[in-house]
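Chemist: If you scroll down you'll find the structure; I have some questions about it.
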Amino acid sequence: MYIHLSQEDIRPLYQQIADQIKVQIMDGTIAPGQELPSIRQLAQQLLTSVITVKRAYDDLERDGYIYTRQGLGTFTARISAPQLDDMRHKQAEEILSEAVGKCRALGLKGEEILGLIKELFKEDKG
């Protein structure tokens, strides 16, 4: 499991940790049932506080990505294919919502944003 924290990222550190673990679970980098580092271990690895990692793990557990067994550790949840699809869609919606919000803050209208997205898809195909 690889996590990179950035001080330049506007998201809080716990959110960066949670988001990166979510992506690695959704893309299969972290396998279902795989044990995750303890809160203390991950905090040491990332040079951050135990409270920061605990918050990330709590959020991930609340959202169904991981579970904790007292005395055994923290593991990735065994997520069914339909649940995983729902999680991917929810994550993509959050990312796109943030991007659209930033575009609107720049003064772009809906049609302009859609035009940019279409252009990006054209470039991606070519």
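The values are calculated or read from the model by the stated rules, or taken from the named source; none is laboratory data. Just so you know, these numbers come straight off a predicted model, no measurement behind them. Here the Cβ positions follow ideal geometry from the backbone for every residue, glycine too, while neighbour counts run over all protein chains shown. Ligands, DNA and RNA are excluded from the accessible area calculation, which covers all protein heavy atoms including side chains. Shrake-Rupley method; radii C 1.70, N 1.55, O 1.52, S 1.80 Å.
Chemist: P(r) of the range 54-126 in 10 Å steps, Cα pairs, percent per bin?
Modeler: Per 10 Å bin, starting at 0, the Cα pair percentages come out as 16, 30, 24, 22, 7, 1.
Chemist: With the contact rule set at Cα under 8 Å and sequence spacing of 6 or more, what percent relative contact order holds for the range 1-54?
Modeler: 35
Chemist: Taking springs between alpha-carbon atoms closer than 10 angstrom, which of Q70, Q41, Q91 fluctuates most in the Gaussian network model of the chain?
Modeler: Q70
Chemist: Contour minus end-to-end for R69 and K102, with contour as 0.36 nm per residue of separation and end-to-end as the Cα-Cα distance?
Modeler: Working it through step by step, the gained length comes to 7.9 nm.
Chemist: Right, something else. With every protein chain left in place, what is the accessible area per residue of the range 1-63 in square angstrom, probe 1.4 Å?
Modeler: 59
Chemist: For the range 7-24 and the range 68-85, what is the centre-to-centre distance using only Cα atoms, to the nearest Å?
Modeler: 19
Chemist: Give the ranking of M1, M26 by solvent-accessible surface, highest area first, calculated with a 1.4 Å probe.
Modeler: Reading off the accessible areas and sorting them downward yields M1, M26.
Chemist: Using the Kirkwood radius built from alpha carbon pairs, what does the Stokes-Einstein equation give as D for the chain at 10 °C and 1.306 mPa s, in µm² per second?
Modeler: Value of D from the Cα-based Kirkwood radius: 97 µm²/s.
Chemist: Work out how much length Q45 to A31 would gain on full extension: take 0.36 nm times their residue separation and subtract the Cα-Cα distance, in nm to one decimal.
Modeler: That pair, Q45 and A31, stretches by 3.0 nm at full extension.
Chemist: Moving to a separate point now. I'm checking a number: the convex hull volume of the Cα atoms of the range 37-79, normalised per residue, in Å³. What is it?
Modeler: Dividing the Cα hull volume of the range 37-79 by its residues yields 67 Å³.
Chemist: What does the charge count near Q20 come to, summing +1 for each Lys or Arg and -1 for each Asp or Glu among other residues with Cβ under 13 Å from its Cβ?
Modeler: That works out to -2.
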